[in-house]
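First the structure, in the form of structure tokens, and then the observations on it.
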Amino acid sequence: MATTNKTGAIGPVPFMNDGSAALGVPLAGLTGDDPKLWVRFYQGTWVLATFVPAIASIQQSFRPRGGDVVIASIPKSGTTWLKALAFATMARGVYPPDTAAEHPLLRLNPHQCVTNLERLYSAGQESMIEALPSPRLLSTHMHHSILPSSISKNPDCKIVYICREPKDMVVSLWHFCRRGKPDVSFSDLFEAVCQGTSVSGPFWDHVHGYWNASKANPEAVLFLRYEDMLRDPAGNVRKLARFVGQPFSPAEEEAGVVAQIVRLCSLDNLKNLEVNKPSSASQPFANDWFFRKGEAGDWVNHMTPDMARRLDAIVEEKLSGSGLSFA
Ligand code: A3P
């Protein structure tokens, strides 16, 4: 359990004391005594304790290139879908979505096409992104407030953020966690989200940070909503393409490229690919865990009206005055 000294500082701690996980706490109801999955409060945000050194390293040494695009999200907000859509859109010159049999998304999970910075740095594999040709497509679950300024204050490095209605995000998180730990309690997880202590929490600060950044600098931060994407996937793919500087040409529109991308990245298509079938286990999560229902409003099947009212009230209070709402 993390403790503070008289000055409120967290250290010093023994360097060899099983690493940063020693400074973390179990996530309510979820991780129990497995320190690999503990969370830690770092610079005002809750992150996996084992990712803290990676985040510190990203903050100090990540060097973006002009043309980089970073996908940002809270887990379970539609990251996998956005990774697929952004990859298919940005790579369409090399991998046309109509030559389906050759497309990387047909043999790789979207998370294998677009890497997560924290995971890569924590595996000591950051040099791999140096070897990627530009433009690079990367991802993060970090709050906007803890991004290195080399990303957050760099107009040449674009951010695409996806957010999701919080009640559906919690339900999706619970189903995901159950894949690894079947007895995880929905109410404990719900409580952690309401307290702001679940992974990437507080969720309201996460969403708010990127929302403000997109308002302040719409050319650098695109703010997307999962529910809008469900309603109008093609419209959102066009928006994404314009934002990354690769708008669809009249010829591409005529040829139906947007519809091809939407079809390639649809839940039904990706979920049924061999690479994303339940048997294809990979670390730390199996590929099939990322695909479930893909709907809006599933929270009604899991939450009591009191729980829903409580979370709605938190969202309303925390986002009040921001211009962002989920009503
Ligand atoms: P549900 O659990 O509600 O079904 P993330 O990618 O951030 O981990 O989010 C996972 C959620 O996105 C899951 O929601 C999953 O089913 C949904 N999802 C994954 N791929 C999708 C796709 N191609 N289209 C729509 N939703 C998708």
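The values are calculated or read from the model by the stated rules, or taken from the named source; none is laboratory data. These figures come from a predicted structure and were not determined experimentally. Because the Cβ atoms are built from the backbone with ideal geometry, glycine has one as well, and the counts that use them run over all protein chains shown. Calculation scope for accessible area: heavy atoms of the full protein, side chains included, ligands and nucleic acids excluded. Shrake-Rupley method; radii C 1.70, N 1.55, O 1.52, S 1.80 Å.
Starting from residues that are open to solvent by less than 70 Å² (accessible area, probe 1.4 Å) and either free of Cβ contacts under 8 Å to residues at least 40 places away in the same chain or part of a helix (DSSP H, G or I) (or both), keep the ones in region 264-276 and report whichever is farthest from the ligand (Cβ to nearest atom). So that I can check it myself, show each step before the final result.
Our first condition is that a residue be open to solvent by less than 70 Å² (accessible area, probe 1.4 Å); within region 264-276, this holds for 264-267, 269-270, 273, 275-276.
Within this subset, residues satisfying the condition of being either free of Cβ contacts under 8 Å to residues at least 40 places away in the same chain or part of a helix (DSSP H, G or I) (or both) are 264, 266-267, 269-270, 275-276.
Details: L264: 10, S266: 6, L267: 4, N269: 8, L270: 5, V275: 13, N276: 9 Å.
So the residue we want is V275.
Is it the case that G201 is open to solvent by less than 40 Å² (accessible area, probe 1.4 Å) and not in a loop (DSSP other than H, G, I, E, B)? Show your work before the answer.
Numbers: open to solvent by less than 40 Å² (accessible area, probe 1.4 Å): yes; not in a loop (DSSP other than H, G, I, E, B): no.
So G201 fails the test.
Among what's in region 163-182 and is closer than 21 Å to N236 by Cβ and out of contact with any Pro (no Cβ under 9 Å at 6 or more places or on another chain), pick the residue that is nearest to the ligand (Cβ to nearest atom). Talk me through it step by step, then tell me what you get.
So in region 163-182, the residues closer than 21 Å to N236 by Cβ come out as 163-166, 168-169, 172.
Remaining after also requiring out of contact with any Pro (no Cβ under 9 Å at 6 or more places or on another chain): 163-166, 168.
On the way: C163: 10, R164: 8, E165: 10, P166: 12, D168: 6 Å.
If we take residues in region 163-182 being closer than 21 Å to N236 by Cβ and out of contact with any Pro (no Cβ under 9 Å at 6 or more places or on another chain), then D168 is nearest to the ligand (Cβ to nearest atom).
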First in region 208-219 and in contact (Cβ under 8 Å) with a residue 60 or more places away in the chain, second anywhere and among the polar types (S, T, N, Q) and open to solvent by 60 Å² or more (accessible area, probe 1.4 Å), Cβ under 6 Å, 6 or more apart: G209/S145
Of the criteria (1) in contact with a strand residue (DSSP E or B) (Cβ under 8 Å, 6 or more places away or on another chain); (2) without any contact (Cβ under 8 Å) to a residue 60 or more places away in the chain; (3) among the aromatic types (F, W, Y), which one W46 fails: (2)
Answer residue from region 61-77, given it is closer than 21 Å to A213 by Cβ and away from the ligand (no atom under 16 Å from the Cβ) and is surrounded by the most Cβ atoms within 10 Å (Cβ to Cβ) among those: V69
Any chance R65 is of a type in the set (D, E, K, R) and in a loop (DSSP other than H, G, I, E, B): yes
For N212: the one exception among (1) of a type outside the set (A, V, I, L, M, F, W, C); (2) over 19 Å from the mean Cα position of the chain (by Cα); (3) away from the ligand (no atom under 13 Å from the Cβ): (2)
Answer from I151, I129, I146 - the residue that is touching a Cys at 6+ places or on another chain (Cβ under 6 Å) and at negative phi: I151
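Would you please name the residue that is farthest from the ligand (Cβ to nearest atom), looking only at residues in region 78-113 that are part of a helix (DSSP H, G or I) and of a type in the set (S, T, Y)? So that I can check it myself, show each step before the final result.
Initially, region 78-113 is screened for residues part of a helix (DSSP H, G or I), giving 79-90, 100-102, 104-106, 110-113.
Filter once more, so that each one left must be of a type in the set (S, T, Y): 79-80, 89.
On the way: T79: 3, T80: 3, T89: 14 Å.
Among them, the one singled out is T89.
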Qualifying residue in region 173-190 (condition: assigned to a helix (DSSP H, G or I), touching a Lys or Arg at 6+ places or on another chain (Cβ under 7 Å) and buried (at least 22 other Cβ atoms within 10 Å of the Cβ)): yes
Test: residue in region 297-308 that is open to solvent by 30 Å² or more (accessible area, probe 1.4 Å), over 21 Å from the mean Cα position of the chain (by Cα), within 23 Å of P166 (Cα to Cα) and within 11 Å of the ligand (Cβ to nearest atom): yes
Residue selected from region 132-172 under the condition out of contact with any Gly (no Cβ under 7 Å at 6 or more places or on another chain), open to solvent by 50 Å² or more (accessible area, probe 1.4 Å) and assigned to a loop (DSSP other than H, G, I, E, B), by the criterion modelled with the lowest pLDDT: P155
